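So the structure is just underneath, and the comments pick up after that.
Quick note: the coordinates plus some simple rules give every number you see, no bench work behind them. Quick caveat: nothing in here was measured; it's all calculated off a predicted structure. No Cβ is skipped: glycine too gets one built from the backbone with ideal geometry, and neighbour counts run over all protein chains shown.
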Amino acid sequence: MSQVLENKIKAIQEKLQLLVKQTTAIQKENQSLKDALAEAKLQAESASKAADALQHQLDAKSIARL
């Protein structure tokens, strides 16, 4: 094989390895973001339930004062 062709093949292999590394890093970041989003949704749901419970308590106290 000619040296030029070998160099081109080597360059392509290096670029493919870089793409694999980048893809892996992006997949890990994506999973991390999905996990963070799921946690944020759970916290938002919990906060919403707590707010609803407090609103019911406030309503009950308002009715009791009447």
- Message: Among the residues in the range 44-51, are any of a type outside the set (G, A, S), surrounded by 10 or more Cβ atoms within 10 Å (Cβ to Cβ), assigned to a helix (DSSP H, G or I) and under 19 Å from the mean Cα position of the chain (by Cα)?
- Response: yes
- Give the number of residues within the range 1-37 that are surrounded by fewer than 10 Cβ atoms within 10 Å (Cβ to Cβ) and assigned to a helix (DSSP H, G or I). 3
